[in-house]
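Working notes, beginning with the structure itself.
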Amino acid sequence: MTGPDDEGLVRLHKLLAQSGIASRRKCEELMLAGLVVVDGEVVTRLGTKVDPRIAVIRVDGKRLPPMSEHVYLALNKPRGVVSTMSDPEGRKTLQDLVADRPERLFHVGRLDTDTSGLILLTNDGDFAHRLAHPSYEVDKTYVAEVDGPVTKATIRTLLDGVTLEDGPVTVSRARIVTGGGGKSIVELVIHEGRNRIVRRLLDHVGHPVRRLTRTAIGPVSLAQLRSGELRDLAREELGALLDEARL
């Protein structure tokens, strides 16, 4: 890998190639085509140097994360694991699942102990705080198995907005995945992180939750990640999350 110069600057087309965007020649073509933007300015000069730690770089509109020593991880939290890094009651925690990692990790937001699915971990405290804060409104997708047949009218009720004891809840998207046999599976997208919000929401409309899984946070999906498994965020996922957190 070509290192930075004495001022920490790197030639832009080399940085793009090293980041896995494309071959160096293809990256030069992307620049010449006006598809590379640095700090809001289109850059077409091939000799341009940038600071890879702080430059906001976009290639064809997509954010390229800066070079950083931070780690950004996706974990499929099993049901029964507490969403903390330690527990005075001695229950299994997130720390038990990442015990072999050398970094001091923060969890981004939480999941109920009896809820499984996607949770993000990082050693970037600012990123964790920003992404967990409700003002940034990052969509979170949940799949719930609930009691009873869910109707289209119930879905409309959810989308119209439901008010719980601690205030209104906005549901961005909702759909019935399957139904039958006295139960239904529904998918909901919300951006709030209030305590047990999805369970309370579905209980309010008459469908207590049997099982609940968070399947996505913004652009990051569980995909093929098995229960208890951990992976690094892909470049595209991290770039999109940095934009959502306005970092």
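The values are calculated or read from the model by the stated rules, or taken from the named source; none is laboratory data. None of the values given here were measured: they were computed from a predicted structure. With ideal geometry, Cβ positions are generated from the backbone for all residues, glycine too; neighbour counts draw on all protein chains shown. Keep in mind that these areas ignore ligands, DNA and RNA; they rest on the heavy atoms of the full protein, side chains included. Shrake-Rupley method; radii C 1.70, N 1.55, O 1.52, S 1.80 Å.
Being surrounded by 15 or more Cβ atoms within 10 Å (Cβ to Cβ) and charged (D, E, K, R) is the filter here, so list the residues in the stretch 187-220 that pass it.
187, 192, 199, 200, 203, 214
Pairs, please: C-beta under 8 Å, at least 6 apart or cross-chain, first residue on the phi > 0 side of the Ramachandran plot and of a type in the set (A, V, I, L, M) and in the stretch 159-178, second open to solvent by less than 60 Å² (accessible area, probe 1.4 Å) and assigned to a strand (DSSP E or B)?
Note: no pairs meet the criteria.
Only helices (runs of 4 or more DSSP H) wholly contained in the stretch 73-174 count here; list those with 1 or more residues that are open to solvent by less than 60 Å² (accessible area, probe 1.4 Å) and β-branched (Val, Ile, Thr).
152-160
Counting only residues that are under 18 Å from residue 21 (Cα atoms) and not in a loop (DSSP other than H, G, I, E, B), which one in the stretch 222-240 is least open to solvent (accessible area, probe 1.4 Å)?
239
Looking only at the stretch 175-186, filter to residues that are surrounded by 16 or more Cβ atoms within 10 Å (Cβ to Cβ) and closer than 19 Å to residue 214 by Cβ; which one of those is farthest from the chain's Cα centre (by Cα)?
184
I'm trying to understand the selection: among the residues of the stretch 43-72, which are basic (Lys, Arg) and open to solvent by 40 Å² or more (accessible area, probe 1.4 Å)?
45, 49, 53, 58, 62
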